[in-house]
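**Q** Handing you this structure, nothing more for now.
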Amino acid sequence: QSVLTQPPSASGTPGQRVTISCSGTSSNIGSNIVNWYQQLPRAAPKLLIYTNDQRPSGIPDRFSGSKSGTSASLAITGLRSEDEADYFCAAWDDNLNARVFGGGTKLTVL
Amino acid sequence: QITLKESGPTLVKPTQTLTLTCTFSGFSLRSSGVGVGWIRQPPGKALECLAFIFWNDEKRYSPSLKSRLTITKDTSKNQVVLIMTNMDPVDTATYYCAHSAYSIGLGFDYWGQGTLVTVSS
């Protein structure tokens, strides 16, 4: 049972906009920044979004992050087949004094 | 260019101690605001942050595994070592080390390729 809650799956067709949610509490998302990772099959995770809504260099602006209260969201616009991957959110938890991850969302491009 | 690589045994027996080494290049753990973390992922499951060490030798551990973990750094060798005691089959996972920094919200922006550790007698 992950501390941060994500839907196990999401799907969309090419060109569509898809959002993935990440729900937490006041001790994690509510008081700390959120990062998002993309993990392609059989690969190490890749940092997609840091500090809630910032993109590392090289990450296309099709990917965007947002945070409100104790929830965060990752949005992907202009969905492509290569976006098919697992997506994880992460945040620091003040109560646990540790970094916690969401359970991951498997995105399928139909 | 930042690179990291994990090394260690691929198979350990239950109750044994696992020692993993992360050898990195392209950055220094003497630099303010920099850190290295160990993250694991059981097959088909979610990521779990095990331990983190900062440039100033401050350390953080997963609360549920804290009694079994030790993280250390050797800045002269550009290495970070993770020791996990009393291994169990449920610890079977791919273990990653990754670079982090305050400048990127302590996200992990560079990852090693990972090493699969199987715990079995």
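A short reminder: the numbers here are calculations on the coordinates, not readings from a lab. Note that the coordinates shown come from a computational prediction; the quantities given were computed from them, not determined experimentally. Because the Cβ atoms are built from the backbone with ideal geometry, glycine has one as well, and the counts that use them run over all protein chains shown.
**Q** Mind checking A:37-45 for the average number of partner chain beta-carbons within 10 Å of each residue's beta-carbon? Write out the running numbers ahead of the final one.
**A** Numbers: counts 7, 0, 3, 0, 0, 1, 3, 12, 8.
Counting other chains' Cβ atoms within 10 Å and averaging over A:37-45 gives 4.
**Q** Turning to a different aspect of this structure: Fewest first, what order do B:Ile71, B:Ile83, B:Ile104 take by the number of other Cβ atoms within 10 Å?
**A** So the ranking, lowest neighbour count to highest, is B:Ile83, B:Ile104, B:Ile71.
**Q** Whole percent per 5 Å bin, from 0 to the bin with the longest distance: what is P(r) over all C-alpha pairs of the protein assembly as shown?
**A** With a bin width of 5 Å, the distribution comes to 1, 7, 15, 19, 19, 17, 12, 7, 3, 1, 0.
**Q** To continue, here is another question. Sort B:Phe54, B:Phe108, A:Phe63, A:Phe88 by Cβ crowding within 10 Å, fewest neighbours at the top.
**A** A:Phe63, B:Phe54, A:Phe88, B:Phe108
**Q** Also: Kindly flag which residue pairs out of A:Lys67/B:Lys45; B:Lys5/B:Lys45; A:Lys106/B:Lys66 have an alpha-carbon separation exceeding 27 Å in this structure. Present the calculation step by step, with values, prior to reporting the outcome.
**A** Numbers: A:Lys67/B:Lys45 25 Å; B:Lys5/B:Lys45 22 Å; A:Lys106/B:Lys66 30 Å.
Flagged as over cut-off: A:Lys106/B:Lys66.
**Q** Hey, another quick one. Using a 10 Å cut-off around each Cβ of peptide A:55-62, what is the average number of partner chain Cβ atoms that fall inside?
**A** 1
**Q** Taking N as the number of residues in segment A:18-110, what is its alpha-carbon radius of gyration divided by 2.2 N^0.38 Å?
**A** On the way: Rg = 12.8 Å, N = 93, 2.2 N^0.38 = 12.3 Å.
Expressed relative to 2.2 N^0.38 Å, the Cα Rg reads 1.04.
**Q** So what's chain B giving for Cα Rg divided by 2.2 N^0.38 Å, two decimals? Intermediate results must be reported in sequence, preceding the final value.
**A** Numbers: Rg = 13.6 Å, N = 121, 2.2 N^0.38 = 13.6 Å.
Normalised Cα radius of gyration, chain B: 1.00.
**Q** Ok, one more. Could you work out, residue by residue across A:92-99, how many beta carbons of other chains sit within 10 Å of that residue's beta carbon, and then give the average as an integer?
**A** 5
**Q** Mind sorting B:Val90, A:Val3 by how few other Cβ atoms lie within 10 Å of their own Cβ, fewest first?
**A** In increasing order of surrounding Cβ atoms, one gets B:Val90, A:Val3.
**Q** For a test of the definition: using alpha carbon positions, the gyration tensor, and the 1.5 limit on a/c, classify segment B:10-60 as rounded, prolate or oblate.
**A** Details: a/c = 2.22, a/b = 1.85, b/c = 1.20.
Prolate is the answer for segment B:10-60, as a/c is 1.5 or above and a/b outweighs b/c.
**Q** Can you list residues from other chains, or at least 5 along the same chain, whose modelled amide H is less than 5 Å from the amide H of B:Trp55?
**A** Those lying under 5 Å, H to H, from B:Trp55 are B:Gly33, B:Val34.
**Q** Once the piece of chain linking B:Ile83 and B:Lys5 is laid out straight, how much longer is it, given 0.36 nm per residue of separation minus the C-alpha distance between them?
**A** Using 0.36 nm per residue and subtracting the Cα-Cα distance, I get 26.5 nm.
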